[in-house]
Amino acid sequence: MIGQTISHYKILEKLGEGGMGIVYKAHDATLDRLVALKFLPHYLTSDAAEKERFYHEARAASALSHPNITTIYEIKEFEDPAAAGRQVYLAMEYIEGKTLKKLVEEETPSIKDVLDIAIQVCDGLAAAAEKGVIHRDIKSDNIMVTPKGQVKIMDFGLAKLKGASKLTKTGSTLGTATYMSPEQTLGEKVDHRSDIFSFGVVLYELLTGKLPFKGEHHAAIAYSIVNEEPQPIARFNENVTPEIERIVSKSLAKDKDERYQHIDDMLADL
């Protein structure tokens with residue numbers, strides 16, 4: 001698609017690809033700015049009722065206006081001959097920077113940097129919770145940090161799509177499963193406390209360079225999340241204080257009633 005023009009967006013380069021679609025960097029000719037275009041897989045929105053639900057979710061997500069949340073500019077469809085039908089895409093704020101996953105792969109961030117990132121993520125999640133929006137797919141691949149240290153949470157409103165949960169069971173997106181809360185893993189109803197658990201997994205990863213719950217396949221990961229306690233963070237990072245260990249442990253409580261009940265409480269502790 002590179003070089004093509006879709007609506008008033010000229011596609012410049014591919015930024016990434018995952019279970020929830022392909023993302024391209026594009027130039028918005030109307031407003032003369034760079035944007036990120038996310039093209040959703042055709043099968044996720046092929047059902048009319050499902051598509052309407054997606055639009056509802058995406059509208060709620062696009063209403064979120066916060067410096068730590070990626071802005072969604074518009075949702076559009078175009079006739080895609082390759083997909084034999086209409087394809088849905090989102091035009092979003094283009095962010096220069098790297099994902100937390102990439103950051104952890106390259107270095108072990110300082111405690112100060114981890115706290116700074118964590119506070120900004122909490123700020124963004126608090127703004128979403130205030131509007132009743134649950135992310136459902138918080139992971140280090142969905143959070144970016146700019147060269148100036150500003151944190152941006154991406155992909156609000158996508159994880160509720162029918163078929164999205166099935167994606168976590170395939171090998172290509174097994175990574176998502178490792179961030180799921182116990183209630184998500186068990187297929188139960190989730191609320192904002194599920195995002196708190198997933199963010200606890202991200203925090204653990206930032207502090208240790210490792211994931212708290214692992215497995216060779218989906219069932220093994222699910223078992224670990226529901227039944228196993230992660231190794232103490234201090235075992236991998238001698239700079240971690242007992243208070244930080246306590247914050248992460250509380251966010252990773254198996255029982256959601258024992259977790260932080262609101263992201264604001266976690267923010268206050270951080």
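The values are calculated or read from the model by the stated rules, or taken from the named source; none is laboratory data. Everything numeric in this text was worked out from a predicted model, so none of it was measured. Note: ideal-geometry Cβ built from the backbone for every residue, glycine included; neighbour counts use all protein chains shown. Each accessible area value is taken on the protein alone, full model and side chains, heavy atoms only, with ligands, DNA and RNA left out. Shrake-Rupley method; radii C 1.70, N 1.55, O 1.52, S 1.80 Å.
Put simply, of GLY171, GLY163, GLY215 the only residue that is open to solvent by 40 Å² or more (accessible area, probe 1.4 Å) and at pLDDT below 95 is GLY171.
Scanning region 227-240 for residues that are surrounded by 15 or more Cβ atoms within 10 Å (Cβ to Cβ) and in contact with a Phe, Trp or Tyr (Cβ under 9 Å, 6 or more places away or on another chain) turns up PRO230, ILE233. In region 241-263, the qualifying residues are those that are open to solvent by less than 20 Å² (accessible area, probe 1.4 Å) and not aliphatic (A, V, I, L, M), and the one that is nearest to ALA129 (Cα to Cα) is TYR260. Which of the numbered conditions does ALA84 fail, given that it passes all the others? Conditions: (1) more than 16 Å from LEU270 (Cβ to Cβ); (2) open to solvent by less than 30 Å² (accessible area, probe 1.4 Å); (3) at pLDDT below 95; (4) of a type in the set (A, V, I, L, M, F, W, C). Unmet condition: (2). Of all the residues in region 194-226, those that are farther than 21 Å from GLU243 by Cβ, part of a helix (DSSP H, G or I) and among the charged types (D, E, K, R) number 1. Under the condition of being among the hydrophobic types (A, V, I, L, M, F, W, C), touching a Lys or Arg at 6+ places or on another chain (Cβ under 7 Å) and either more than 21 Å from PHE156 (Cβ to Cβ) or open to solvent by 30 Å² or more (accessible area, probe 1.4 Å) (or both), the residues counted in region 24-43 number 2. Only a single item in (1) under 29 Å from ARG33 (Cα atoms); (2) open to solvent by less than 70 Å² (accessible area, probe 1.4 Å); (3) more than 17 Å from the chain's Cα centre (by Cα); (4) not polar (S, T, N, Q) is not met by LEU90, and it is number (3). On the basis of being at pLDDT below 95 and not small (Gly, Ala, Ser), does THR208 make the cut? Against the criterion (at pLDDT below 95 and not small (Gly, Ala, Ser)), THR208 does not qualify. Taking each residue of region 206-217 that is free of Cβ contacts under 8 Å to residues at least 40 places away in the same chain and looking for partners that are in a loop (DSSP other than H, G, I, E, B) and of a type in the set (A, V, I, L, M, F, W, C) with beta-carbon atoms closer than 6 Å, six or more apart or interchain, yields THR208/PHE236.
Restricting region 95-132 to residues that are outside any helix (DSSP H, G or I) and under 15 Å from the mean Cα position of the chain (by Cα) leaves a set whose member that is farthest from MET154 (Cα to Cα) is LYS98.
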